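The values are calculated or read from the model by the stated rules, or taken from the named source; none is laboratory data. Note that the structure is a prediction, hence the values are computed from the model and not measured. Glycine gets a Cβ as well: all are built from the backbone with ideal geometry, and neighbour counts include every protein chain shown. For accessibility, only protein heavy atoms count, side chains too; no ligands or nucleic acids. Shrake-Rupley method; radii C 1.70, N 1.55, O 1.52, S 1.80 Å.
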Amino acid sequence: MTEARQADEVFMLAALEEARAAAARGEVPVGAVLVAEDRVVARAGNRTIADCDPTAHAEIVTLREAAKSIGNYRLLGATLYVTIEPCAMCAGAMVQARIGRLVYGADDAKGGAVRSCFSILDHPQINHRVEVTSGMLAEEAAALLQSFFAARR
């Protein structure tokens, strides 16, 4: 395993921790971690219920916290690790933030906007491209979501 892949796994494990914490709060278990210059700048799980905010997805919360921490809404060169394929809103926010790379776990066949339902990050008319690595610890991420929803049925 390459050093870069090992680092990706470490950061994705941190995103999975955030997802588990979100599930423990009754939120859909999605977690995100933003890394810049090899350090975690921000991390969060979904907070839509707790915040009564439909935009409080893990990715959005993490991007907001990272921008405040860095002092710039442009997160150039940063990598965002997310447990599931981002939705259209979150993919759009990544373009606006100008992140360099997205690493995500499980595909989202019902709402993924990176490749499953839409391809926002590599749409030819978008003015910023985000490098994408998919499938990172996908089975663990998918199992977390499946067990969460199975318990609710």
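Remarks
- The set of residues from region 77-112 being assigned to a loop (DSSP other than H, G, I, E, B) and either over 16 Å from Ala32 (Cα atoms) or among the β-branched types (Val, Ile, Thr) (or both) comprises Gly77, Arg98, Ile99, Ala109, Lys110, Gly111.
- Ile126, sole failed condition from (1) in contact with a Phe, Trp or Tyr (Cβ under 8 Å, 6 or more places away or on another chain); (2) over 23 Å from Glu37 (Cβ atoms): (1)
- Filtering region 129-153 to residues that are open to solvent by 40 Å² or more (accessible area, probe 1.4 Å), within 17 Å of Val35 (Cα to Cα) and hydrophobic (A, V, I, L, M, F, W, C) leaves only Val132.
- Of all residues in region 40-59, those satisfying the criterion of being open to solvent by 10 Å² or more (accessible area, probe 1.4 Å), closer than 17 Å to Leu16 by Cα and out of contact with any Cys (no Cβ under 6 Å at 6 or more places or on another chain) are Val40, Val41, Arg43, Asn46, Arg47.
- Looking at Glu27, Glu59, just one residue is in a loop (DSSP other than H, G, I, E, B), of a type outside the set (Lys, Arg) and in contact with a strand residue (DSSP E or B) (Cβ under 7 Å, 6 or more places away or on another chain), and that residue is Glu27.
- Selection within region 102-115 - in contact (Cβ under 8 Å) with a residue 24 or more places away in the chain and open to solvent by 50 Å² or more (accessible area, probe 1.4 Å): Asp107, Arg115
- Test: residue in region 6-17 that is in a loop (DSSP other than H, G, I, E, B) and open to solvent by 40 Å² or more (accessible area, probe 1.4 Å): no
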